[in-house]
Amino acid sequence: MSMQLSPQSEATVAATAAVVAAHADEITATFYPAMFAAHPELRNVFNAANQAIGEQPKALAASVVAFAVQLIDPDAPDFTPVLQRIAHKHVSLGIRAPEYTIVGRHLMAAIGTVLGDAVTPEVAAAWDEVYWLFATQLIAEEARLYALGGTDPEQPWREYRVTARQEHSAEVFSLLLTPVAGELPEVRTGQYIAIAVDLPSGQRQPRQYTVSNGPGADALRVTIKRVRGADGTPDGVVSGWLHEYAQPGTVLEVSQPAGDVVLDNTAAPLVLVSAGIGITPVAAIMADVSQNQPDRTVRLFHADRSHAQHPLYTELREQVLAMPDARGQNWYEEHAAAAPTLVPARSGFMDFTGVEIPTDAQVFMCGPLPFMQSARRELMGQGIAAGNIHYEVFGPDMWAQNPA
Ligand SMILES: Cc1cc2nc3c(=O)[nH]c(=O)nc-3n(C[C@H](O)[C@H](O)[C@H](O)COP(=O)(O)OP(=O)(O)OC[C@H]3O[C@@H](n4cnc5c(N)ncnc54)[C@H](O)[C@@H]3O)c2cc1C
Ligand code: HEM
């Protein structure tokens, strides 16, 4: 770590990290409403559903405390991957450097409100230093990513036109997107873009969607699952809006591609693990590998409710058939026996008993967190090193802070 806390702050942070950690949820629960009251425009930047469910507050709080702890612990694991994950997410959302001042001010005020008299001037100064060490590293990395993408951070959104739309099932559809002006951006296989929509409520909301096609295409494809509410929870606002209104000709606001989970260009065997709509990065990887490394060993493992719901199955099947050493195995919760897959589908949740896994593989996975945690445990049990397992989360990544 190139930057360090001052010795006096280090001692103060060491003495107060546990109490800040214990109140982290309360601190961020105080911080967001106060910040939104002072800066209502930021409601259009943050994910309203994450706010309602409380996921994002936990991710922010957990990451600041984790950052502080690794600053004062000489044996702490490298923090770069966590920093990268956040910077890519921020860049896809068009976060700008001046906004760090706003977040910092309200975060410090919230620490004061929640911890009260415990926040002496020394404690406040030490945590302010922690915040700004973290912020300056994120700002620098985000500036680098904007420059690489040729994006002016003052204008992070670019107009794209929907050139085609395809329905895969009642819930899942793809959009092909091309910039209204200029060239397609460079996309590293596995990356996502954000699409921002102006909702009928007057609110504007961005959401990330993985680019699901491979390099060399003349449009970016996104494959979207329309999220339905269950047990009284509302339908997804952005996926629902796109399902209803995005048609050929519709112009959408799209951010620069970002994301740190990208295909390696080594020759190592690949193990691709997905569930449900988590198949989108797998589809991009398969499109790339089948084109550029057709002889590479690939094992595709997918879990879904049923074969009818398995998104992009047909194209993945064709790619598997065209590659000499690609093989797939699917798990379906319903009607597995009747599924017309290449290899008989298994019934129930994914489990690797009896499945041969190349132990020197690079693993990419995407799906709900509990699904990935269980798959990761099993793969490690079969001898795959933790460092070779890469994953994308379709929501705030709370696993990076706690990869148990
Ligand atoms: C890196 C990344 C890549 C992604 N790639 C893809 C992709 O390729 N394809 C894809 O389809 N998706 C992808 N996603 C997910 C996508 O970004 C959205 O999260 C998804 O489309 C849902 O957004 P929404 O606005 O429709 O739903 P939201 O309105 O955000 O709702 C999400 C959930 O929260 C619940 N909720 C909302 N408000 C409340 C409340 N008050 N109380 C309780 N529950 C509530 C809703 O019922 C719903 O289940 C990706 C996400 C990330 C982070
Ligand atoms: C040091 C300061 C900051 C830290 C430590 C931080 C941390 C984080 C973390 C951990 C995530 C979740 C990443 C993931 O999905 O894995 C996140 C997402 C996000 N951050 Fe930050 N962040 C900081 C500053 C900011 C600023 C200045 C803004 C803009 C005002 C911002 C806006 C967002 C948004 C919009 C998301 C996406 C999640 C959502 O919408 O709920 N962050 N940040």
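The values are calculated or read from the model by the stated rules, or taken from the named source; none is laboratory data. Nothing here was measured: the structure is a model prediction, and the numbers come from that model. Every residue, glycine among them, receives a Cβ derived from its backbone with ideal geometry; neighbour counts consider all protein chains shown. The area values use the complete protein model at the heavy-atom level, side chains included, leaving out ligands, DNA and RNA. Shrake-Rupley method; radii C 1.70, N 1.55, O 1.52, S 1.80 Å.
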### Net charge of Cβ neighbours under 15 Å - reference Asp295; Lys, Arg +1; Asp, Glu -1
+1
### Summary
Computed over the chain, protein heavy atoms only, probe 1.4 angstrom, the accessible area per residue in square angstrom equals 46
### Query
Roughly to the nearest percent, how much of the accessible area of the chain is carbon and sulfur, given a 1.4 Å probe?
55
### Query
Between the range 82-147 and the range 339-379, how many Å separate their Cα centres?
38
### Query
If Lys and Arg each add +1 and Asp and Glu each add -1, what is the summed charge of the other residues whose beta carbon sits under 13 Å from the beta carbon of Ala219?
+1
### Label-zone membership for the range 154-184, site Ala338, 7 angstrom Cα→C-beta point, backbone N under 19 Å
169-171
#### Entry: the chain - share of DSSP beta bridges that are antiparallel (%, nearest 5)
55
### Message
Tell me the angle of helix 369-381 to the major Cα principal axis of the chain, expressed in degrees between 0 and 90 and rounded to the nearest ten.
### Response
70
### Net dipole in debye of the range 7-148 [+1 Lys, Arg Cβ; -1 Asp, Glu Cβ; about Cα centre; nearest 20]
540
## Note on the structure
Taking a ≥ b ≥ c as the square roots of the eigenvalues of the Cα gyration tensor, with a/c under 1.5 meaning rounded and otherwise prolate when a/b exceeds b/c and oblate if not, the range 7-148 is oblate
### Message
Quick check: the angle from helix 55-72's long axis to the longest principal axis of the chain, C-alpha only, nearest 10 degrees?
### Response
60
#### Entry: Convex hull volume of the range 158-254 per residue (C-alpha atoms, cubic angstrom)
102
